1. Counting other Cβ atoms within 10 Å of each Cβ, which GluC sites (Glu not before Pro) in segment 6-38 have at most 11 and sit in a DSSP loop?
2. With N denoting the number of residues in segment 324-399, provide Rg(C-alpha) divided by 2.2 N^0.38 Å, to two decimal places.
3. Per 0.36 nm of contour for each residue apart, how much would the distance between D301 and E369 grow if the chain were fully extended, relative to their Cα-Cα spacing?
4. Binning at 10 Å from 0, report for segment 310-442 what percent of all alpha-carbon pair distances ends up in each bin.
5. Taking Cα pairs under 8 Å and at least six residues apart, what relative contact order does segment 332-442 come out at, in percent?
6. Which of the peptides 47-59, 225-237 is most tightly packed, and how do the rest follow, going by the mean number of other Cβ atoms within 10 Å of each residue?
7. Run the numbers for A17 and L262: contour at 0.36 nm per residue of separation, minus the present Cα-Cα distance, in nm.
8. Taking the inverse of the average 1/r across all pairs of different Cα atoms in segment 1-42, what Kirkwood radius in Å do you get?
Amino acid sequence: MQEQTLGRRIQEARKAAGLSQESLGERLGVSRQAVSKWEADATVPELENLIAMSRIFGVTIGALLGVEPEAAEDRSEEDAPKAPGEGAEGAAPAGELTDRELAAVEAIVRKYLEAVRRPRWSRRKKIAVSTGICGAALAAALALGSGFSALGSRLDQVQGQVYGIESSVGSQIGALAGQIRDILNEDSNLFAVSQAQVTDYDLTAETVTLQVSAQAKSWQDNTTALFTALLSDGRQFSAEASGKNGTFTAQNWTLPMDQEILLSASLTTDGVTAADQLETLYDCLPGNFRLDVWGGFSQTDWSNQWTDFQGDSWPQTSKKLTLGGLSLSINSYGGDSHSGPAPTEVELCFFRDQETVPESSIPVPEALELWAEAGFVEMYDWTDYTFTCELLPEETLTAAVRITDDHGQTTWTILCAYRLDRSGNVQTPQDLPADWHPGDLL
């Protein structure tokens, strides 16, 4: 008696339904050759094709896969799924998998991984025949004293083909397992879609304000929802949600800032509560609610100048510096889940040495206009923002952009810095600090 494989069960079910390989392929949207390969166990059908065939043949997926002996039409009334609304746990609407079928689908990977690892008789027979032929050839080769190398290559080739088939089937089983996991996870979710966003924050109190919404797959007029936030340190917070047409929302929900905020929601109907995980917000920390700023000057002109004698020293060479060609980039660091700051004031400032008051400053209204239009700044200006000064030996000039945002933060970002040594040579300080403030030593 031949082993009942998936391919053989598909073939028997197809013939019992009075369908040819070609007609079955047309109903599934695949070629006749694909159906032929399934029935020959050369390939494994995709999950959606397995589901479609179970409905065409009138059997459960479990019966088709051999993990459930009964066909759909043989199930007793006690086993049959109840119609929607009858209150049977695990019942599924028409066209969807029942809990019994889902349980059968969960066994696919285990069942077929075991089948793949267990060599079939036909395959062993092929290997045995090949080995017998090779053994006879080997004896002849030894007797004749030639052909040994060719024989070994042929045996390796046969073994390689066998291993290749097993590897291909194993890969298909692995892909099928991934599809099963996705289907089971999606089917078990309480909510069709959900969304969470940080709408505001308070850096002084170190809190974030969230807006969370979730659309339930099924609900009643008396269904209520509760959102829960679990922080990385184990603290837990809850917020009652308002609902309309199955969409439940919590607005202005204030939580402590944290590295990870795991959000979940529960639905309660007629005293029965079920919960489901929604999503995780990452990096809700003070340092991530800031502006990401980059920039510099592309034109740097130097010219030498001579100073008078100073005491007994030799004349010193100062340099006249002109900066121009401003490039400036400003973006919100927070990302899609954060409502980051918006600049309200942008100004170029030029400091000599460790002075805290700028030697000169230039407002940059163009940056605010660009932010209002697009929500970010990418600007290049070659004429409007220039600066000229004279540097003496051992003096340093620092050009920085000061940005004030709508949450009261002030961000300083160095655009460039230059220093003259005692000989009048220009030096550029390395590793400019990201948290620089006026008066800091470079």
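1. Values: sites: E12, E22, E26; in loops: none.
Taking segment 6-38 and a limit of 11 other Cβ atoms within 10 Å, no loop GluC sites (Glu not before Pro) are found.
2. Numbers: Rg = 15.2 Å, N = 76, 2.2 N^0.38 = 11.4 Å.
My calculation over the Cα atoms of segment 324-399 gives 1.33.
3. On the way: separation 68, 0.36 × 68 = 24.48 nm, distance 2.94 nm.
The D301-E369 span can extend by a further 21.5 nm.
4. Percent of Cα pairs in each bin: 11, 37, 31, 14, 5, 1, 0.
5. For segment 332-442, the relative contact order is 27 percent.
6. Values: 47-59: 18.3, 225-237: 15.5.
Ranking the peptides 47-59, 225-237 by packing returns 47-59, 225-237.
7. On the way: separation 245, 0.36 × 245 = 88.20 nm, distance 4.99 nm.
So the chain would gain 83.2 nm between A17 and L262.
8. Details: mean 1/r = 0.0975 Å⁻¹.
For segment 1-42, inverting the mean 1/r across all distinct Cα pairs yields 10.3 Å.
Quick note: the coordinates plus some simple rules give every number you see, no bench work behind them. All figures in this text were calculated on a predicted structure; none of them were measured in a lab. Note: ideal-geometry Cβ built from the backbone for every residue, glycine included; neighbour counts use all protein chains shown.
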